[in-house]
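A short worksheet on the structure shown next.
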Amino acid sequence: MHVHELKAMLSSFQKSAQAAEKTSLRQSLSDLMRSDAKLQMCFPFGTLSGPDDLYERCYMPLLEAMPDLERRDLIVVAGTTPEGQHWIGTMGNYMGTFVAPFLDTPPTGHLAHMRYHEFFRVEDGRIVEMQAIWDIPELMMQARAWPMAPQLGAFLCTPAPMSGDGLAVEGDGIKALDHVVAMLTDLCKHPEDPDPNVMNLGKYWHPRFNWYGPAGIGTGRGISGFRNWHQIPFLRAMPDRKLDEMGDLRSHWVGEGDYVCETGWPNMRLTLSGDGWMGIAPANREVLLRSLDFWRLEDGLIRENWVLVDLLDLYAQVGVDVLGRMREFNKARTVAPVAVPAGLS
């Protein structure tokens, strides 16, 4: 399928989700997805089957928590992977007034935001597979209900591309894709070679790049921000990390214009053998990470990188029930719906 045809497929869903209304949203999902589509959602939702399952398990609770929910796409990239599969990658923020609990996260009564990275595989004009992460910890942090260690990076509502063209991406992305793959290849030379210069960060990354990590890790700016607030503690804890084929795993890659996106379920294999990452004690246990990423290049260098990792699934793999801990931490707080007055009387 042509890139424009792939993106046009999403238009009905995007329109209904921009001002989410239950009936139209459910219908648009049904029109878009095959009835037996394999829908791989982040923890705690798991693998779902078909649009009705997705709506009832995921969207209905979110709409009950945020009745005025709106979906704000910030990046849409589409194309055919080197293996011949047709994928669409989307990044944006779900936003709405948080007036009822979501997964037992206490409501705030205020406008809330939750980033999503959602990838869709297309066959014969229908979506047959979805791989998606919703940044649920981001919502917990706004509710001041996050029960784990404070994040090292900055906390912010993830912005759209600085270039302003995230919804108008077009063009041959081979050069951008080759650049990102080469960057990751050099990245994996460390820490086996302990000299961080072996990663050639300055060769691939813009001096003022922003690395937008998931809530729990946070955002870093430039090489120093990336190294200090993410990479150093990450590799100290899991120095044997292997990406994609290195770990007998498979990602799906699409390059379009100056953008590259990747989804893998999972796409990283690591052993949690050291201390210091997100406050997790060494478990000496192998873990698998799901990382769904977007990169934007500028003047031949990576200027922005949006990364979502299914952190709640990672915690579950080492025996930590984050949602259970949140309930324990917040026993004295109400999780009843919040009634916000209209302010006109």
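The values are calculated or read from the model by the stated rules, or taken from the named source; none is laboratory data. From a predicted model like this one, the values you see are computed outputs, not experimental measurements. Glycine also receives a Cβ, built like all others from the backbone with ideal geometry; neighbour counts cover every protein chain displayed.
Being in contact (Cβ under 8 Å) with a residue 24 or more places away in the chain, assigned to a helix (DSSP H, G or I) and crowded, with 20+ Cβ neighbours inside 10 Å is the filter here, so list the residues in region 10-20 that pass it. Of everything in region 10-20, just one residue is in contact (Cβ under 8 Å) with a residue 24 or more places away in the chain, assigned to a helix (DSSP H, G or I) and crowded, with 20+ Cβ neighbours inside 10 Å, namely Ala17. Would you point out the residue of region 195-213, among those that are in contact (Cβ under 8 Å) with a residue 12 or more places away in the chain and assigned to a helix (DSSP H, G or I), that is farthest from Leu156 (Cα to Cα)? Filtering region 195-213 for residues that are in contact (Cβ under 8 Å) with a residue 12 or more places away in the chain and assigned to a helix (DSSP H, G or I), the one farthest from Leu156 (Cα to Cα) comes out as Val198. Just give me the residues in region 214-238 being part of a helix (DSSP H, G or I), under 25 Å from Asp258 (Cβ atoms) and of a type in the set (Gly, Ala, Ser), in sequence order. Within region 214-238, Gly222, Ser224, Gly225 qualify. Given the criteria closer than 30 Å to Asp258 by Cβ and among the β-branched types (Val, Ile, Thr), does Val99 qualify? Taking the combined requirement at face value, the residue does not satisfy it.
Restricting attention to region 250-289, and to residues there that are polar (S, T, N, Q) and under 24 Å from Glu83 (Cβ atoms), which single residue is surrounded by the most Cβ atoms within 10 Å (Cβ to Cβ)? Going through the qualifying residues, I end up with Thr263. Are any of the residues in region 102-119 part of a strand (DSSP E or B), acidic (Asp, Glu) and out of contact with any Gly (no Cβ under 9 Å at 6 or more places or on another chain)? No, region 102-119 has no match at all. Just checking, how many residues over region 22-35 are within 11 Å of Asp52 (Cβ to Cβ) and within 24 Å of the chain's Cα centre (by Cα)? Adding up the residues that qualify gives 4. Considered as a group, the residues in region 21-41 that are surrounded by 13 or more Cβ atoms within 10 Å (Cβ to Cβ), without any contact (Cβ under 8 Å) to a residue 60 or more places away in the chain and not acidic (Asp, Glu) include one that is nearest to Glu118 (Cα to Cα), and that residue is Leu29. Of all residues in region 42-69, how many are in contact with a strand residue (DSSP E or B) (Cβ under 7 Å, 6 or more places away or on another chain), assigned to a loop (DSSP other than H, G, I, E, B) and free of Cβ contacts under 8 Å to residues at least 24 places away in the same chain? Here the count works out to 0. Here Leu272 does not qualify as out of contact with any Lys or Arg (no Cβ under 9 Å at 6 or more places or on another chain) and farther than 21 Å from Leu177 by Cβ. Mind checking whether some residue in region 191-203 is of a type in the set (A, V, I, L, M) and surrounded by fewer than 16 Cβ atoms within 10 Å (Cβ to Cβ)? Among the residues of region 191-203, at least one is of a type in the set (A, V, I, L, M) and surrounded by fewer than 16 Cβ atoms within 10 Å (Cβ to Cβ), which makes the answer yes.
Taken over region 120-159, residues that are part of a loop (DSSP other than H, G, I, E, B), crowded, with 18+ Cβ neighbours inside 10 Å and small (Gly, Ala, Ser) amount to 3.
Right, Gly216: outside the structural domain of Glu129 (by TED's automatic domain parsing) and closer than 22 Å to Asp135 by Cβ or not? Yes, satisfied. Being in a helix (DSSP H, G or I), at pLDDT 95 or above and either surrounded by 23 or more Cβ atoms within 10 Å (Cβ to Cβ) or not assigned by TED's automatic domain parsing to the domain that holds Leu311 (or both) is a property that does not hold for Met91. I need every pair where a residue in region 306-334 that is within 17 Å of Trp134 (Cα to Cα) has its Cβ under 9 Å from the Cβ of a residue that is in a loop (DSSP other than H, G, I, E, B) and β-branched (Val, Ile, Thr), sequence separation at least 6 or different chains. Note: pairs meeting the criteria are Trp306/Thr158; Val307/Ile217; Val309/Ile217; Leu311/Ile217; Leu314/Ile280; Leu314/Val320; Tyr315/Ile280. How many residues are within 20 Å of the chain's Cα centre (by Cα), over 15 Å from Ile280 (Cα atoms) and either surrounded by 18 or more Cβ atoms within 10 Å (Cβ to Cβ) or among the polar types (S, T, N, Q) (or both) when one looks only at region 232-248? The total comes to 3.
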